[in-house]
Amino acid sequence: MEQTLQALGGILLKAIPTICLLLFVHFYLRVMFFRPLRDVLSKRRASIEGARESAEKILTQASARADAVEAELRKARDEIYQEQEEARRKWVTEQTAKLDEARHASRELIQQAKQQLEAEAAAAKRDLAATADALAEQIAGSLLERKAS
């Protein structure tokens, strides 16, 4: 057993430089590699989170701006619809007024035509009456001449 312990002690004695080298490499890598790597990764994470936050802010601003533009568009559409409705009402009023004028003018024309027709009919009746009397006298005269001959 003593031999085994001595062999184990010899192995441990030979392993001390390797252990020291491993500890040195561990601390060296930790200081020279992993700490800068951790710093770079934390900066990267911070910049990613900052970019994400700024993107969210920009997205929120864009959404608010889009909502404002949509509201302005709705307002402009409403104004246009109101203007169109007002123009339509004005046009309907004008058309109604023109129709009323046309009806009034046509009634006047019809009334004038009736009066003219009645006047012409009365003149024609007088002419017919005068012509009828003249014809009656001619017929009577010609009948009397025939009887006399």
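The values are calculated or read from the model by the stated rules, or taken from the named source; none is laboratory data. Only a predicted model underlies this, so the values are computations on that prediction, with no experimental measurement involved. Using ideal geometry, Cβ is built from the backbone for each residue, glycine included, and neighbour counts are taken over all protein chains shown.
Would you confirm, using the coordinates I've provided, whether Glu79 is surrounded by 10 or more Cβ atoms within 10 Å (Cβ to Cβ), within 34 Å of the chain's Cα centre (by Cα), in a helix (DSSP H, G or I) and modelled with pLDDT of 95 or more?
The answer is yes for Glu79.
Please give the number of the condition Pro17 fails out of (1) surrounded by 10 or more Cβ atoms within 10 Å (Cβ to Cβ); (2) modelled with pLDDT of 90 or more.
(1)
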